[in-house]
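Single-structure report; data block below.
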Amino acid sequence: MSILLEANSVSKNFGDFKALNNVSISVPEGSIFGLLGPNGAGKTTLIRIINQITMPDTGSVILDGEALKPEHIKDIGYLPEERGLYKSMKVGEQALYLAQLKGLSKTEAKTRLKYWFERLEIGDWWNKKIQELSKGMAQKIQFVVTVLHEPKLLIFDEPFSGFDPINANLIKDEILRLRDNGATVIFSTHRMESVEELCDHIALLDKSNKILDGNLQDIKRQFKTNTYEVGISAADNNKLALELSNKFETFPSSFKTLNDELKLNIKLTDSNSANDLLSYLTTKGQVSHFVELIPSASDIFIKTVSNN
Amino acid sequence: MNHLSLIIKREYLTKVKNKSFLVMTILSPIIIIALIAVVAYLSQINNDKKRTISVLDESGLVKDVFENTENTTYNVLNNITLETAKTLVEANEEYGLLHISEEKNNDETLNLVKFYSNDSPSLSVITGLESKIEKKLTDIKLLQNGLDIETIKESKANITIDQESFTGEKTSKAGSIMKLAFGGIAGYLLFMFIIIYGNMIMRSVIEEKTSRIIEIIISSVKPMQLMLGKIIGTSLAGITQFVIWLILGSILMMVVTSIFGIDMTQVQSPQQELVQQAMSGQDTQAQAQLLYSEFMNMPILNLIIAFVLFFISGYLLYSSLYAAIGAAVDNETDTQQFLLPILMPLILAVYIGIFTVIEDPHGTVSTVFSFIPLTSPVVMLMRIPFGVPIWQQVVSLLLLVGTFVFTVWFAAKIYRVGILMYGKKPSYKELIKWIRY
């Protein structure tokens, strides 16, 4: 897979404050890349550098094999976290203006806007003013404006904030569709469940440093603890629990089931395999639940950041 | 279409289509003309009002000085007491009663004059009466002292100084006032333009911040382009408004004058009076000719070119500062602290223009301030009608343009950082820090 965007040891200081310290990321073409990190980690600064809003002090950014230059603006679509529209301007006029700023001709912009407005079922808003729309409605228009010029690289900073679940789903599907059509997406968020759903790759920033990055599956593999979630019913659950805790490392667990079985997380050592555990358990009682515990993005996030 | 022209177009159209802008554009000249018309009309009514003043002169010294005029009728009463006269005047609803008592002081001249009326009388009526009595009494006293009134009148001299420069150019007081008017209008126009449209630019920058659209825009265009686009677009809207005001104002003025027959010159401005004073006692024909030749002698071409250049660079200098202020704060209430240092030199310039340039257009103060960039546009524009050496104009303009380039650079720095800063109002120290970002 080729790399669309590469940031090489980018650093940025604001006065005495170090916003980014030697951060490098590479975003594979056609992927959805999650840029994660707690508040103030430097995500927005990095995104602004990619958008050429701020210049890095040191380091470079390569887009599609070339160092960033003003012409690249039309190759990037950016939906900032702090976003709004001109309140007293009409929706259509405003969308046309923003599209033209991205280098589309007026007629081309109009055709594409018509298509998108119909697609998102907002066609009759054309002559409304932004101040007459709700926040969610305005967000839809911002989304359309961001993707309208069909850029190679899309950057979404907290795209789902302000959307109700139905519209959030709609936007999520649109993002996936854009990815399938060949766009590369950088996606910055705090919402770990949407990271699980969308991202192929992630980079984790904390206190101006990159502390983790890579393919999400690989990272999860790195972080897995060989722990299995087990539900088992025996004649005497307490006795079985004691027996198991002597043989394995066990932790109490709570997952939702219909029966009143013994629930445990069992961590295997290198000498045991999952099969060994399962066959041992079947001799002790009725196994109703046996799942490998995969670390969630949220677990990884919290663990890495608090260790840092 | 490139970005700058897109931005200019949007800024211009949003401003021009804005409801309050439209209302201001149409209503302002109407209101101003209406006000002038009302004042003119009222003073006309006032002058036309007929009044009757009764005079009871018990001394008998001055009763023959009261001659009826168009608006005032004097009714000289004889052989009645003061009380009867009072009731009579009140019953006839006359304007008032002038009573000159019989009592005399040591000088053999009366010292007790009183005016009785329902409402307090107008100042001009009282002054008129006073001067009439004074004149008569002075004449009486002169006569008593053995002086001939005719001789005194003949001995009075009347002097007007004709002015001429060493190169033979004739000037006059009236001409100086005309030059002052030209410079004053130019300087004042610039002052107003900066205040009105500078504020408009500042508000439009703040609006982009508060509506949070700025980051979307700034990912497509350079902050410098956005700032310049804003300044130029707003200025064009301002020029449009000014031109409409001018045209609408003149049309309205003509309409009001012709329909209502109100003579606008009834409302005399102090300048007009000055001109008239300066012209009085001279042959008006020759005076008009001199004024005309002086007008033609004014460096008209220089005036126009200098006006355009100083106006544009002065305006751009200030408006870039306004834009920077808009970028530095979040809402309009926070702007006060930063506006003061901008308004101070501007107001100073106007004061210097009004008080110092009039007094001495080429004195040290006027000259120095016509070089200092923040005051030079206004002060220089006021000085130029009096003839400023070209080298001074060029140096002043170069300084102005240099400063303008610097402030645009400075403002762009603040703008670039400020538009993405929310929340806290920055201090001056922080603003300086932003420059290094």
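No value in this document is a laboratory result; all are computed from the given coordinates. Being a predicted model, the structure only gives us computed values, none of them experimental. Note: ideal-geometry Cβ built from the backbone for every residue, glycine included; neighbour counts use all protein chains shown.
Quick notes on this one:
- Interchain or long-range residues, amide H under 5 Å from B:Arg51's placed H: B:Thr72, B:Thr73
- Sequence-distant residues sharing a close amide H with A:Ile186 (under 5 Å, placed H): A:Phe33, A:Leu154, A:Ile155, A:Phe156
- Ordering of B:388-398, B:208-218, B:51-61 by packing [mean C-beta count within 10 Å, highest first]: B:208-218, B:51-61, B:388-398
- Lys/Arg +1, Asp/Glu -1 at C-beta; the range A:1-132 dipole; positive extreme among A:Pro56, A:Ala95, A:Asn127: A:Asn127
- When you filter the trypsin sites (Lys or Arg not before Pro) in the range A:244-308 for DSSP loop state and at most 10 other Cβ atoms inside 10 Å of their Cβ, you are left with A:Lys256.
- Peptide-level mean, for B:187-193, of C-beta atoms on other protein chains within 10 Å: 0
- Placing a label point 7 Å from the Cα of A:Lys74 along the Cα-to-Cβ direction, the residues of the range B:1-38 with a backbone N closer than 12 Å are B:1-3.
- Relative contact order [Cα under 8 Å, 6+ residues apart], chain B, whole percent: 20
- Test item: A:92-102 mean partner chain Cβ contacts at 10 Å: 4
- Among the GluC sites (Glu not before Pro) within the range B:116-165, not one is in coil by DSSP while having at most 12 neighbouring Cβ atoms inside 10 Å.
- Two-site FRET efficiency, A:Tyr115 against B:Ser122, from Cβ-Cβ distance with R₀ of 60 Å, rounded to 0.05: 0.20
- Distance violations [Cα-Cα > 23 Å] among A:Lys43/A:Lys224; A:Lys263/A:Lys284; A:Lys140/A:Lys172; A:Lys172/A:Lys303; A:Lys90/A:Lys114: A:Lys43/A:Lys224; A:Lys172/A:Lys303
- Over 19 Å between alpha carbons, listed pairs B:Lys114/B:Lys136; A:Lys87/B:Lys413; A:Lys12/B:Lys433; A:Lys110/B:Lys15; A:Lys128/B:Lys17; A:Lys129/B:Lys222: A:Lys87/B:Lys413; A:Lys110/B:Lys15; A:Lys129/B:Lys222
- When each full DSSP H helix of chain B is screened for a Cα extent of at least 30 Å along its own axis and an average Kyte-Doolittle hydropathy of at least 0.0, the helices passing are B:19-48, B:123-144, B:173-210, B:223-260, B:300-328, B:390-418.
- Note on the protein assembly as shown: antiparallel DSSP beta bridges, both residues inside, total approximately 60 percent of the bridges counted.
- Within straight-line reach of B:Lys156, meaning a Cα separation under 18 Å, sit the following lysines at least 8 residues removed in sequence or on another chain: B:Lys135.
- Spin-label pair A:Ser288-B:Leu35: with each label point 7 Å from Cα along the Cα-Cβ axis, the two points sit 8.7 nm from one another.
- Taking a sphere under 15 Å around the Cβ of B:Val408 and counting the other residues whose Cβ falls inside, with K and R at +1 and D and E at -1, yields a net charge of +4.
- Cβ neighbours within 10 Å from other chains - mean over A:79-90: 5
- Checking every one of the trypsin sites (Lys or Arg not before Pro) in the range A:14-103 against DSSP loop status and a limit of 11 other Cβ atoms within 10 Å picks out no site at all.
- With the simple spin-label model, which puts each label point 7 Å out from Cα in the Cβ direction, the B:Ser28 to B:Val255 separation comes to 1.8 nm.
- Annotation: lysines with alpha-carbon distance below 18 angstrom to B:Lys141 (same-chain offsets under eight excluded): B:Lys63, B:Lys104, B:Lys132, B:Lys153.
- Computed lengthening from A:Ser11 to A:Asn127, 0.36 nm per intervening residue step minus Cα-Cα distance: 37.3 nm
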